[in-house]
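J.: Sharing a structure here in structure tokens format.
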Amino acid sequence: MTIAEGQRAGAAAQARVVRPRRHPLRGLGGALKYVALALGALVTVLPFADMFVGALRSPADVFANPPRYFPSDPQWGVYARVFRELPIGTWLLNSVVVTATITGCQVATSTMAGYALARYRFAGRASIFRMVVGAQMFPFFLFIIPIFFILRFVPLMGGNDMAGQGGAGLLGTYAALVLPFVVTWYGVFLMRQFFLTIPEDLAEAARLDGASEWAIFRRIMLPLVKPAIATLTLFSFVYHWNEFIWTMTVTRTAPDLQTLPVGIYLLQGAFEDLDQKSLQQAALAISILPVVVVFALLQRLFVSADIATGVK
């Protein structure tokens with residue numbers, strides 16, 4: 001058999017190969033998956049959409065029969081009224097200052113403490129890590145009263161004397177809103193676990209090149225844990241943006257320090273008619289916009305952290 005005949009025979013044999021038939025339900029399963037994802041996204045987005053649309057409803061739309069989801073006469077001016085009739089600018093500024101400060105402090109303390117627990121060998125390291133893990137079982141509500149009195153009786157602060165008497169201490173200040181949340185046990189645990197996944201050889205090579213410990217931490221380790229930092233930043237920002245109990249307790253005597261959640265909550269008793277209720281709903285809609293913006297900015301890194309955690 002010549003070479004040409006062999007090639008023709010091989011081509012004919014390949015043509016006779018029976019290709020596997022595609023299962024008829026395979027495409028249907030993929031379509032059902034996307035339908036389920038779309039329904040899940042709709043269920044997630046619908047409450048937020050209702051918040052924005054609900055502020056536009058007039059009293060006639062609220063009592064309409066059958067009910068109307070989309071208002072027949074949208075009250076677009078309600079969002080402008082929020083800034084005219086409510087001190088939402090002050091609330092928004094306080095929320096940004098407090099939340100950004102707490103988030104920055106938690107990221108800084110968590111990364112440094114997590115790195116130390118993951119990389120350095122020192123006496124009591126195991127005990128400290130057990131304390132970090134165990135502390136996560138206790139909610140913050142258990143410590144509200146002790147922390148309140150600690151801040152109330154700080155010596156030489158807020159009119160207090162050396163014995164911590166005579167004034168209000170740190171209550172009614174930004175420090176009272178920030179100091180109890182400077183360290184987060186969850187953040188320390190999260191960053192430690194991520195630092196453990198980084199090969200120690202990278203740090204050893206940097207030490208051989210003469211890099212200091214701070215340079216190794218800042219220039220080598222931190223860039224490698226950006227997904228974890230983004231995750232911690234997002235969780236911390238969302239939690240403290242919506243934090244209510246402690247802020248409500250501390251700012252009772254300092255209304256100028258009230259944040260958005262506290263200010264909007266205190267308006268519930270003042271609003272009785274439906275027109276004012278729509279004003280409050282518009283304020284709620286405005287309050288979630290910064291959270292949406294932060295999530296959009298950190299989404300890529302947050303997804304990367306989720307995928308990396310699953311792979312590891």
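The values are calculated or read from the model by the stated rules, or taken from the named source; none is laboratory data. Being a predicted model, the structure only gives us computed values, none of them experimental. Neighbour counts are summed over all protein chains in view; Cβ atoms, including those assigned to glycine, are modelled from backbone coordinates with ideal geometry.
J.: Determine, yes or no, whether PHE138 is in the same structural domain as VAL250 (by TED's automatic domain parsing), within 19 Å of PHE244 (Cα to Cα) and free of Cβ contacts under 8 Å to residues at least 24 places away in the same chain. Working first, answer last.
T.: On the way: in the same structural domain as VAL250 (by TED's automatic domain parsing): yes; within 19 Å of PHE244 (Cα to Cα): yes; free of Cβ contacts under 8 Å to residues at least 24 places away in the same chain: yes.
Considered against the rule, which asks whether it is in the same structural domain as VAL250 (by TED's automatic domain parsing), within 19 Å of PHE244 (Cα to Cα) and free of Cβ contacts under 8 Å to residues at least 24 places away in the same chain, PHE138 comes out as yes.
J.: Please go through region 51-103 and pick out each residue that is modelled with pLDDT under 85, touching a Leu at 6+ places or on another chain (Cβ under 7 Å) and closer than 29 Å to SER236 by Cβ.
T.: Listed by number, the residues that qualify are MET51, VAL82.
A quick yes/no check of all residues on (1) within 30 Å of VAL293 (Cβ to Cβ); (2) touching a His at 6+ places or on another chain (Cβ under 6 Å); (3) modelled with pLDDT of 85 or more; (4) among the hydrophobic types (A, V, I, L, M, F, W, C):
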{"site": "ALA206", "(1), (2), (3), (4)": "no, no, yes, yes"}
{"site": "ILE216", "(1), (2), (3), (4)": "no, no, yes, yes"}
{"site": "LYS226", "(1), (2), (3), (4)": "yes, no, yes, no"}
{"site": "THR231", "(1), (2), (3), (4)": "yes, no, yes, no"}
{"site": "ALA254", "(1), (2), (3), (4)": "yes, no, no, yes"}
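J.: Something else now. For region 112-130, name all the residues that are hydrophobic (A, V, I, L, M, F, W, C) and in a helix (DSSP H, G or I).
T.: Those that are hydrophobic (A, V, I, L, M, F, W, C) and in a helix (DSSP H, G or I): MET112, ALA113, ALA116, LEU117, ALA118, ALA126, ILE128, PHE129.
J.: Please go through region 248-263 and pick out each residue that is more than 18 Å from the chain's Cα centre (by Cα) and either closer than 13 Å to TRP91 by Cα or in a loop (DSSP other than H, G, I, E, B) (or both). Please lay out each step first, then the result.
T.: We begin by selecting, within region 248-263, every residue more than 18 Å from the chain's Cα centre (by Cα); these are 248-258, 262-263.
Of everything in region 248-263, those that are more than 18 Å from the chain's Cα centre (by Cα) and either closer than 13 Å to TRP91 by Cα or in a loop (DSSP other than H, G, I, E, B) (or both) turn out to be MET248, THR251, ALA254, PRO255, ASP256, LEU257, GLN258, VAL262, GLY263.
J.: Looking at PRO199, is it at pLDDT below 90, assigned by TED's automatic domain parsing to the domain that holds LEU297 and more than 30 Å from ILE88 (Cβ to Cβ)? Full working, then the answer.
T.: Numbers: at pLDDT below 90: yes; assigned by TED's automatic domain parsing to the domain that holds LEU297: yes; more than 30 Å from ILE88 (Cβ to Cβ): yes.
So PRO199 fits the description; yes.
J.: So, one more: Identify the single condition in (1) more than 30 Å from LEU257 (Cβ to Cβ); (2) assigned by TED's automatic domain parsing to the domain that holds TYR186; (3) surrounded by fewer than 17 Cβ atoms within 10 Å (Cβ to Cβ) that LEU42 does not satisfy, given that it satisfies every other one.
T.: Just one mismatch for LEU42, condition (2).
J.: Can I ask one more? If you check PHE48 against the conditions, is it touching a helix residue (DSSP H, G or I) at 6+ places or on another chain (Cβ under 6 Å), surrounded by 10 or more Cβ atoms within 10 Å (Cβ to Cβ), at pLDDT 70 or above and hydrophobic (A, V, I, L, M, F, W, C)?
T.: On the way: touching a helix residue (DSSP H, G or I) at 6+ places or on another chain (Cβ under 6 Å): no; surrounded by 10 or more Cβ atoms within 10 Å (Cβ to Cβ): yes; at pLDDT 70 or above: yes; hydrophobic (A, V, I, L, M, F, W, C): yes.
No, not satisfied.
J.: Considering only residues that are loosely packed, with under 13 Cβ neighbours inside 10 Å and not in a loop (DSSP other than H, G, I, E, B), look in region 60-92 and name the one that is farthest from the chain's Cα centre (by Cα).
T.: ALA60
J.: Can you name the residue in region 238-252 that is surrounded by fewer than 15 Cβ atoms within 10 Å (Cβ to Cβ) and more than 18 Å from ALA100 (Cα to Cα) and, of all such residues, is modelled with the highest pLDDT?
T.: To start, the set of residues in region 238-252 that are surrounded by fewer than 15 Cβ atoms within 10 Å (Cβ to Cβ) comprises 244-245, 252.
With the extra rule that they be more than 18 Å from ALA100 (Cα to Cα), the set shrinks to 245, 252.
Numbers: ILE245: 88, ARG252: 81.
Of everything passing the filter in region 238-252, ILE245 is modelled with the highest pLDDT.
J.: Only one of ALA163, ALA168, ALA206 is assigned by TED's automatic domain parsing to the domain that holds ASP256 and either touching an Asp or Glu at 6+ places or on another chain (Cβ under 9 Å) or not β-branched (Val, Ile, Thr) (or both). Can you tell me which?
T.: Details: ALA163 fails: assigned by TED's automatic domain parsing to the domain that holds ASP256; ALA168 fails: assigned by TED's automatic domain parsing to the domain that holds ASP256.
Going through ALA163, ALA168, ALA206 in turn, the sole match is ALA206.
J.: Among the residues of region 56-79, is any basic (Lys, Arg) and out of contact with any Pro (no Cβ under 7 Å at 6 or more places or on another chain)?
T.: Kept after step one, since they are basic (Lys, Arg), are these residues of region 56-79: 57, 68.
Then drop every residue that is not out of contact with any Pro (no Cβ under 7 Å at 6 or more places or on another chain), which leaves 68.
Yes, because at least one residue in region 56-79 is basic (Lys, Arg) and out of contact with any Pro (no Cβ under 7 Å at 6 or more places or on another chain).
J.: Next up: Quick check on region 30-59: of everything there that is in a helix (DSSP H, G or I) and either acidic (Asp, Glu) or touching an Asp or Glu at 6+ places or on another chain (Cβ under 7 Å) (or both), which residue is farthest from LEU284 (Cα to Cα)? Quick ask: steps written out before the conclusion?
T.: Looking only at region 30-59, we keep the residues that are in a helix (DSSP H, G or I), and these are 30-54, 59.
Next, only the ones that are either acidic (Asp, Glu) or touching an Asp or Glu at 6+ places or on another chain (Cβ under 7 Å) (or both) stay: 50, 59.
Working: ASP50: 11, PRO59: 18 Å.
Applying the filter and picking the extreme gives PRO59.
Each row is one residue, and each column tells you yes or no for (1) hydrophobic (A, V, I, L, M, F, W, C); (2) assigned to a helix (DSSP H, G or I); (3) buried (at least 20 other Cβ atoms within 10 Å of the Cβ); (4) in contact with a helix residue (DSSP H, G or I) (Cβ under 7 Å, 6 or more places away or on another chain).
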| residue | (1), (2), (3), (4) |
| --- | --- |
| ALA163 | yes, no, no, no |
| ALA176 | yes, yes, yes, yes |
| VAL183 | yes, no, no, yes |
| PHE194 | yes, yes, yes, yes |
| ALA206 | yes, yes, no, yes |
| ARG219 | no, yes, no, no |
| PRO223 | no, yes, no, no |
| ALA230 | yes, yes, yes, yes |
| SER236 | no, yes, yes, yes |
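J.: Sticking with this one: What number of residues in region 168-215 are in contact with a Leu (Cβ under 7 Å, 6 or more places away or on another chain) and small (Gly, Ala, Ser)?
T.: 4
J.: Looking at region 204-248 only, could you name the residues that are closer than 28 Å to ALA175 by Cβ and of a type in the set (S, T, N, Q)?
T.: THR231, THR233, SER236, ASN242, THR247 - these are the residues of region 204-248 that are closer than 28 Å to ALA175 by Cβ and of a type in the set (S, T, N, Q).
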